[in-house]
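J.: I am attaching a structure below and will ask some questions about it afterwards.
The values are calculated or read from the model by the stated rules, or taken from the named source; none is laboratory data. Note that this is a predicted model, so its numbers are computed, not measured. FYI the Cβ positions are ideal-geometry reconstructions off the backbone, even for glycines, and counts take in every protein chain you see.
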Amino acid sequence: MRKVYYGCTVVQLITVLVLFYLVTFGAFERPAPLPGSAGALIDYHIIVGELVIPLLSLLTTIVAAIARAGARLVTLSITPFALVAIQLFVVFSLAEMAGHTDERSTTGGLIVLGFHSLVGVAVLGVTAVLLHRARALAKGAVAATPAAARA
């Protein structure tokens, strides 16, 4: 089961890298349509970020628990889900409160939205750490629980 967990972390990291790639579709598309508009290429980034990453995070967390990967890895496995929730419910909400809309941007809104990329980098970092630790766990290089380490 630990190899399945490792496989889930590989898929998760690849998906996060795809997410970063897909953001360029929206950033460089001209004329720039609003998200949700017919044919808006940024929608691919939105779908992966709001749907695929959280679902993979939940799946990886469940597999980590089944594989008895330890509380730290289980907690780390759900972190991308939590970071996406922060994106959706904190960063974007604060940007709206600062006056940012789909039709108009404000300096305050843009400053807050700058954290969107930083949280995205945090998701990338967490998934990279997960991959590294899951690989070590699958190879048996680390003990699954602190109690096993003391024995």
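J.: Could you list, ordered by first residue, the pairs with Cβ atoms under 7 Å in which the first is in the range 56-70 and without any contact (Cβ under 8 Å) to a residue 40 or more places away in the chain and the second is aromatic (Phe, Trp, Tyr), at least 6 apart or interchain?
T.: LEU58/PHE81
J.: Here's another thing I want to ask about it. Identify, by number, the condition in (1) surrounded by 18 or more Cβ atoms within 10 Å (Cβ to Cβ); (2) part of a helix (DSSP H, G or I) that HIS100 doesn't meet.
T.: Condition not satisfied by HIS100: (2).
J.: Filter the range 67-81 down to the residues that are over 18 Å from ARG135 (Cβ atoms) and in contact with a helix residue (DSSP H, G or I) (Cβ under 8 Å, 6 or more places away or on another chain) and list them by number.
T.: The answer is ILE78, PHE81.
J.: Between THR60, THR79, which is under 20 Å from PHE115 (Cα atoms), at pLDDT 90 or above and surrounded by 14 or more Cβ atoms within 10 Å (Cβ to Cβ)?
T.: THR79
J.: On to the next question. Go through PRO33, PRO80 for me and flag whichever is out of contact with any Phe, Trp or Tyr (no Cβ under 9 Å at 6 or more places or on another chain) and in a loop (DSSP other than H, G, I, E, B).
T.: Sole residue among the options that is out of contact with any Phe, Trp or Tyr (no Cβ under 9 Å at 6 or more places or on another chain) and in a loop (DSSP other than H, G, I, E, B): PRO33.
J.: Is one or more of the residues making up the range 86-105 in contact (Cβ under 8 Å) with a residue 40 or more places away in the chain and either among the hydrophobic types (A, V, I, L, M, F, W, C) or on the phi > 0 side of the Ramachandran plot (or both)?
T.: no
J.: I would also like to ask the following. Suppose the filter is among the basic types (Lys, Arg) and crowded, with 17+ Cβ neighbours inside 10 Å; does ARG30 pass it?
T.: no
J.: Take the residues of the range 103-127 that are surrounded by 13 or more Cβ atoms within 10 Å (Cβ to Cβ) and outside any helix (DSSP H, G or I): which is modelled with the highest pLDDT?
T.: Checked the range 103-127; the qualifying residue modelled with the highest pLDDT is THR106.
J.: Here's another thing I want to ask about it. What tally of residues in the range 1-21 results from selecting those that are over 11 Å from the mean Cα position of the chain (by Cα), assigned to a helix (DSSP H, G or I) and more than 19 Å from ASP43 (Cα to Cα)?
T.: Within the range 1-21, residues that are over 11 Å from the mean Cα position of the chain (by Cα), assigned to a helix (DSSP H, G or I) and more than 19 Å from ASP43 (Cα to Cα) number 10.
J.: Would a scan of the range 1-11 turn up a residue that is modelled with pLDDT under 95 and more than 17 Å from VAL129 (Cα to Cα)?
T.: The answer is yes, given that some residue of the range 1-11 is modelled with pLDDT under 95 and more than 17 Å from VAL129 (Cα to Cα).
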